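All of the numbers you see were taken from the coordinates with simple rules; none came from a lab. Worth saying up front: this structure is predicted, and the values here are computed from it rather than measured. Note that we place each Cβ from the backbone using ideal geometry, even for glycine, and neighbour counts take in every protein chain shown.
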Amino acid sequence: MAYNSSAKKRIRQIERRTEVNRARVSRIRTFVRKVEEAIASGNKEAAAGTLREVQPELMRGAKSGLLHRNTVARRVSRLSRRIKAMTA
């Protein structure tokens, strides 16, 4: 258990940041799942549209340090490749 006041404050700050980060990660996962569902449905236009919504969310995650920028680039690349491979 934390003893001094600065350590107690750090614990409170970490708890707040953890809540915010969990919400952000959950939001990103939801957006990615929407793209996956659009790809599975076979609608190329819908999939491409949802990918355009997902990219800024992923970039925000990388900017805030939730995800590594290379991870974001890899995810976007794989999703766009799958969308491109769909028959129009």
(request) Any chance you could count how many residues in the range 69-85 are in contact with a helix residue (DSSP H, G or I) (Cβ under 7 Å, 6 or more places away or on another chain) and not aliphatic (A, V, I, L, M)? (result) 4
(request) Check off (1) free of Cβ contacts under 8 Å to residues at least 12 places away in the same chain; (2) surrounded by 11 or more Cβ atoms within 10 Å (Cβ to Cβ) for Leu79 and give me the number that stays unchecked. (result) (1)
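Could you count how many residues in the range 30-54 are among the basic types (Lys, Arg) and either within 11 Å of Met86 (Cα to Cα) or touching a Gly at 6+ places or on another chain (Cβ under 8 Å) (or both)? Talk me through it step by step, then tell me what you get.
As a first pass, look at the range 30-54 and keep what is among the basic types (Lys, Arg): 33-34, 44, 52.
Remaining after also requiring either within 11 Å of Met86 (Cα to Cα) or touching a Gly at 6+ places or on another chain (Cβ under 8 Å) (or both): 44.
Of the residues in the range 30-54, 1 are among the basic types (Lys, Arg) and either within 11 Å of Met86 (Cα to Cα) or touching a Gly at 6+ places or on another chain (Cβ under 8 Å) (or both).
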(message) Test of understanding: among Val32, Val20, Val72, Val54, which residue is of a type in the set (A, V, I, L, M) and either touching a residue at least 40 places away in the same chain (Cβ under 8 Å) or exposed (fewer than 10 other Cβ atoms within 10 Å of the Cβ) (or both)?
(response) Val32
(request) Tally the residues that are of a type in the set (Lys, Arg) and over 21 Å from Arg69 (Cβ atoms), restricting the search to the range 22-58. (result) 3
